[in-house]
Amino acid sequence: MQSPFPGMDPYLESAAIWPDVHAGLIAAMRRQLQPRLSPRYVAVIVPYTAFETIDVNLSRFLVPDIAIIEHEQQSSVTATTVAPAPVVGALAVEIETRYSRLEVRTVRDETVVTAIELLSPANKRTGIDAADAYERKRREIIRSPVHLIEIDLLRGGQRPSLATPWPSTPYVIMLSRADQRPRVEIWPVQLQDPLPVVPVPLRDPDPDVPLDLGAALNEAYAEGRYDLRIDYREPPPPPPLSPVDEAWLTRRLVAVGLRQA
């Protein structure tokens, strides 16, 4: 089954499944690009790790009204009541999450020509090591002769730095060609839009090759069987949609039979 949406499915942004979506999309993009790059180039998956903050479900923890301490009968110590804590909170728990990026390399000498980054939540948080590490890596690429494609399919968080304002759309794709910096090409994507076909630049004089992001997402969705894992009767994960997008989403899900009118 394909996603009920023409483009990005906001339910795929859930913290529970996004790492799997990320891996599936990277693999689907490589399968699509590989025959188009041959025989002069190859697409290589490069793994990396990031620390993601997860939410702890407090309902899993039972806080009793009274704690009773038992002792053997011969003990002279009597049962003692302990007052429960008046406030229960939660730590921000970070877990190591594996992600990957795509690199287009020349055959044999393995020179990186184009880096394709599919952003993760850690790349878009402020003031944490993973985001700082990504910004450093990004600056290294921008100072080099390597082309950079950034694919942001996450509504939450702060986008990487840009000298000009980012579009206010939920999703965006950016291409920075090494020979045209600081100029960049940007594809703003609304929730209602299909994902675009973007060019992947190579070495001059080789022409760009196309990368169909919509086809890659459909392939990843079908392989991941997210139709079995997502309850479309529930609202999508945060951040909240705009009123216009929320109304459109509801109409769309009703139209495809995943919600009742």
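The values are calculated or read from the model by the stated rules, or taken from the named source; none is laboratory data. This structure is a prediction, so every number in the text was calculated from the model and none was measured. In this analysis, Cβ positions are derived from the backbone assuming ideal geometry, glycine residues included, and neighbour counts consider all displayed protein chains. Remember, those area values only see protein heavy atoms, side chains included, never the ligands or the DNA or RNA. Shrake-Rupley method; radii C 1.70, N 1.55, O 1.52, S 1.80 Å.
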Quiz item: Condition test on residue 185, is it among the acidic types (Asp, Glu), open to solvent by less than 50 Å² (accessible area, probe 1.4 Å) and without any contact (Cβ under 8 Å) to a residue 24 or more places away in the chain?
Solution: yes
Quiz item: Among all residue pairs at least 6 apart or on different chains, which show Cβ distances below 9 Å where the first residue, located in segment 22-37, is of a type in the set (Lys, Arg) and the second is assigned to a helix (DSSP H, G or I)?
Solution: 31/216; 31/219
Exercise. May I ask you to verify whether residue 259 is part of a loop (DSSP other than H, G, I, E, B) and in contact with a Ser or Thr (Cβ under 7 Å, 6 or more places away or on another chain)?
Key: yes
Quiz item: Looking at residue 157, is it in contact (Cβ under 8 Å) with a residue 12 or more places away in the chain, surrounded by 14 or more Cβ atoms within 10 Å (Cβ to Cβ), part of a loop (DSSP other than H, G, I, E, B) and not β-branched (Val, Ile, Thr)?
Solution: yes
Practice problem: State whether one or more residues within segment 163-174 are within 19 Å of residue 44 (Cβ to Cβ) and either in contact with a helix residue (DSSP H, G or I) (Cβ under 8 Å, 6 or more places away or on another chain) or modelled with pLDDT of 95 or more (or both). | Solution: no
Exercise. Test residue 203 against the criterion of being modelled with pLDDT of 95 or more, touching a strand residue (DSSP E or B) at 6+ places or on another chain (Cβ under 7 Å), open to solvent by 60 Å² or more (accessible area, probe 1.4 Å) and closer than 23 Å to residue 106 by Cβ, and give yes or no.
Key: yes
Quiz item: Mind checking whether some residue in segment 99-118 is modelled with pLDDT under 85 and either outside any loop (DSSP other than H, G, I, E, B) or crowded, with 20+ Cβ neighbours inside 10 Å (or both)?
Solution: yes
